[in-house]
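The values are calculated or read from the model by the stated rules, or taken from the named source; none is laboratory data. Since we're looking at a predicted model, the values are computed, not measured. Every residue, glycine as well, gets a Cβ built from its backbone with ideal geometry; the counts of neighbours run over all protein chains shown. Keep in mind that these areas ignore ligands, DNA and RNA; they rest on the heavy atoms of the full protein, side chains included. Shrake-Rupley method; radii C 1.70, N 1.55, O 1.52, S 1.80 Å.
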Amino acid sequence: MASPKSRPRDGYPGRALSLILVIMVALVATMVGTGNIKPRLGIDLAGGTSVTLQATSSDKNAINPANMGIASGIMRDRVNGTGVTEATVQVQGNDEIVVNVPKGTSSTQLATELAQTAKLYFRPVLAEQQQVNAASLPKSSASPSASSSGGAKPSGSASPAASSSGKPKASGSGAAAAPSASKTQGDALSQDLKASSSASAKASASASAHASSSAAAAGTPKAAATPSAVPTTGTVAGQLGGTVPAALQQQFNAIDCTTNAGRLAAQNAANNAHETDQVVSCSTTAGSSGAWTKYALDKVAVDGTSISKAQANLSTQTGQWEVDLSFNSHGSSQFAAITGQLAKNQTPTNEFAIQLDGLVQSSPYVSNAITGGQATISGSFDQASATSLANVLSYGSLPLNFKQLEVVTVSPELGGSQLDAGLIAGLIGLILVVLYSLVYYRGLGLVAVASLLVSAILTWSLMSLLGGAIGFALNLPAVCGAIVAIGITADSFVVYFERVRDELREGATLRPAVRNAWPRARRTILVSDFVSFLAAAVLYFFTVGKVQGFAFTLGLTTLLDVVVVFLFTKPLMTLLARRNFFNSGHPWSGLSPERLGVRNPLRDSRGSRRPVRPTAGKEA
Amino acid sequence: MSRFGNIGHRLYTGEVSFDFVGRRRLWTIISGVILVAAILGLSVRGLNLGIEFKGGQIYTVTKPGVTVAQAQKAANDLTHDSSALVQTANGAKGEQILIQISSAEKIDPTTGQNTLSQSLGLSQNQISTQSLSASWGHDISQKALEGLVVFMVLVTLYLAFAFEWRLALGALVALLHDLVITVGVYALVGFEVTSGTVIGFLTILGYSLYDTVVVFDGLKSATNKLTKQNKLTYSDAANASLNSTLVRSINTSVLALLPVAALLFIGGGLLGAGVLNDISLALFVGLTAGAYSSICVATPMVAWLQEKRPEYIELARKVKQRRAAEAKAAAEGRTLEDDAPQAEVTVPAPTGGPRNQPVNRTRSERRSSGGRR
């Protein structure tokens, strides 16, 4: 220690040792306190499904952290929507999203769904119909629906409206054009509120006749006819026949939105359809009454990519949560045209559906043409549902496609056996290193073993804590990194021990040898650890996935190596050098001058004639 | 053990010495032959890229009792040809069967999993799947390559700063040497290259340099005040430094290799193919090459570069003169006066810290620290 004069030349070994002890105790206590006593295991060790998706885009700048964040939020919703628990969705690197679904739900199906390109469209509603699964039909919900079943009265004017997109752009009418959309279908969180309020909102906004029909569920006929979720045809089909093309009509009848399979079929069909096709679609969630909504939708009126911004706001006027939308210039003219057209229609054809990934997220109605490219969707949102819809809408403005890079499902058996193999390998590696240290360094080997132990405790507790804090998951390459790091950690001790021995060979006694070996050993350790850490850091920032996990572990252990050498190994050596066992050069201490081959350890004469090197002469 | 320790001591004092630096030509030939073989292998045979680079699916069946023939048949039924590759591997919990299906078959992983589980009579969650797009491996290698370039630039700058550019160059050459050899071994032997292999390659970066840095650290201090004497040329001093730190180099290499060897043994012996095996194999080859290159490539190369510097040319000239004089003196039967100047540069010359402090010292302490400055 290059110390100021006031410090003892040995430094304060006791303080350093107590410091690292305190750190260790604190880490372990936090670990136990927060319940993260084991590192979180990655999919390849614990079993489960992992999907890696890569964003692609024609616009390079579109792949940015903000957009990736929104996209991963949507992915999370998608995964959770399938009923999977404990799934994690993480942005990885610049352009990748990793979805990890823990064991239990082996689902390559999920992977396929996730990889699908998310597309957000505004489509005018041609017809809508609510469906209730008889099995899940609550008693109460049946009664209001009895009144009318699917009062969809298509106007026929919807499709011309959509095609007239290039029409006059209301220029001067101000960006503050009346926001007049309300929500009929939406997010699960406040569905009950919305369902009721949308009905009332509609009633107040336009003809009161809508109220009953839009809220109506075709529950009764269905419940009677098909107790086990079979497509509802019958009464509704007849009413839609006039405006829906025959092909769509058949599809409309065939689809059952109350079952997962039915929704998936509808979703796939809608996803495969072209923008100019008319499609059948399901609502993404069921209402409080358990009613799902089935839609017949017109071709795309406004593409989601026309949205420039979507944000959830607390309205200062009404005190309600709402979603503000801005369109780009192209989108705002399209939106003005379509809303102008829709506003003339009757429910439900005055609605447009916000369709994400083939499912209808929300279908607000319109009472006025919305010009100026600004719109507000209001209804009975709470903060969460407003934010969620805003995210969905923002997603539409993401010009991102996702490509499936890797899908892995690992059975728990395979994961377990990989974990075992990793642990066994680590244990054997550790034992080999310990044996080598003990055989070669004897007493000093014990110092090495103790240091490795400290290092292991620190690594374990940090990994466990990081699992809880930043979602660090230990995967197989990370285990591998930890095992490889045993070598790096041990190397530092070798560097130090060899320096001490060099000092002894030069005739120093142990205490000064331990002290004087340190500055040079410290330098070597720092330089080489820096190189090692640099490699890990570069790998971490330039790579993704498995490599990143590996780099992280390597970097962490390299840092810990420095900590351990400075705060543990060196002070411990200093203390041990005071002990007679080491200081007297006991044969088992690993520091015996005789064993080191120093024949005359206590040569006199200051100025130290150090061992003569005949090297050059001999070789010349 | 004590003999081992003795060797350490004798190496340190120079009683025993291996001429690493002087055998520059030998190392050049050895490395050259290996490098040519590696590059030839790489260009002629190419790398055996795993399914991660070609795209496709890997199904892992862990249930005991399924035979390879059954699995092959089931896979053939799935692909309607016999393109599927079926292998066995020993897992920690019994035998595993790996079925690899190329992405050219265009089989949906879900379908594949379902079909295989049906035809083998397993439940779906007894089959692990891994489906990889063809770009996955390419992608990860691309990023790894970017990282590699950045790392090399950074580390060269750092070493040039911490030591000097000649040493940085030597380290860089040693690093490239290790990488090419490792990749070449992969090409020649035909080991499969997977993402684990890429990780292994990348780790060699850190390790190869770790070794080299440890050696250079000794080298730097050994050659600190070299021009103030006339007994040792730069190469001699470098060689002496290598020898005095040889035990340390060997120990660090052995300790680094031990855990990797354990990984390789477990990965190869118990688990069969897999990430552990791939990483450790690449590491094992790379570390071995690294141990060799830090001693036999990096240092001789640095010595060669340094010997071209005017001051060391001058030094070499002086040393030659002196030796000629010595030889002459020996021939004439008298000894040249002393070797005092040599003691000044005894290797490794200590540097740093506390030794120059005018504090109270015991005699032995003074001897070990005070007198060297």
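At 20 °C and a viscosity of 1.002 mPa s, what translational diffusion coefficient does Stokes-Einstein give for region A:341-423, taking Rh as the Kirkwood radius over Cα pairs? Give it in µm²/s as a whole number.
Numbers: Rh = 17.0 Å.
In µm²/s, the coefficient is 126.
Solvent-accessible area of A:I23, all protein chains in place: 60 Å² (probe radius 1.4 Å, heavy atoms, ligands and nucleic acids excluded).
Using R₀ = 60 Å, calculate the FRET efficiency as 1/(1 + (r/R₀)^6) where r is the Cβ-Cβ separation of B:L188 and A:T276; round to 0.05. E between B:L188 and A:T276, to the nearest 0.05, is 0.55. Taking Cβ atoms as reference points and 15 Å as the exclusive limit, the residues near A:T557 contribute a net charge of -3, counting Lys and Arg as +1 and Asp and Glu as -1. Pairs over the 20 Å Cα-Cα cut-off, from the set B:K225/B:K328; A:K119/A:K309; A:K119/A:K344: B:K225/B:K328; A:K119/A:K344.
Each residue was assigned an accessible area with a 1.4 Å probe, and for B:T111 the value is about 70 Å².
Peptides B:282-288, A:274-280, A:447-453 ranked from most to least packed give B:282-288, A:447-453, A:274-280, packing being the mean of other C-beta atoms within 10 angstrom over each peptide's residues.
Using R₀ = 56 Å, calculate the FRET efficiency as 1/(1 + (r/R₀)^6) where r is the Cβ-Cβ separation of A:R579 and B:H138; round to 0.05.
Values: r = 58 Å, r/R0 = 1.04.
Once rounded, the FRET efficiency stands at 0.45.
Taking label points 7 Å from Cα along the Cα-to-Cβ direction, B:S119 and B:T67 give a separation of 1.7 nm. Per-residue mean of foreign Cβ neighbours for A:502-515 is 5 (Cβ atoms of other chains, 10 Å radius).
Count Lys and Arg as plus one, Asp and Glu as minus one, and take only other residues whose Cβ is under 14 Å from that of A:A485; the net charge is then -3.
Across peptide B:138-144, the mean count of Cβ atoms from other chains lying within 10 Å of each residue's own Cβ comes to 5. With the simple model of a label 7 Å out from the Cα in the direction of the Cβ, A:L435 to B:L49 spans 4.1 nm.
What quantity of accessible surface, computed with a 1.4 Å probe and excluding non-protein components, is buried in total between chains B and A, in Å² to the nearest 100?
Values: alone 20160 and 28240 Å², together 38590 Å².
Buried surface at the B/A interface: approximately 9800 Å².
Output the pairs from B:K143/B:K220; B:K54/B:K143; B:K231/B:K308 with a Cα-Cα distance over 24 Å in this structure; if there are none, say none. List each step's numbers first, then the result.
Values: B:K143/B:K220 34 Å; B:K54/B:K143 17 Å; B:K231/B:K308 18 Å.
Beyond 24 Å between Cα atoms: B:K143/B:K220.
Projecting label points 7 angstrom from Cα along Cα→Cβ for B:E146 and B:K328 puts them 6.5 nm apart. What net charge is computed for the residues neighbouring A:L462, neighbours being all others with C-beta under 14 Å from the C-beta of A:L462, Lys and Arg scored +1, Asp and Glu -1? Local net charge: +1. Between B:L154 and B:K228, what FRET efficiency comes out of the Förster formula 1/(1 + (r/R0)^6) with R0 = 41 Å and r the beta carbon distance, rounded to 0.05? Calculated transfer efficiency: 0.75.
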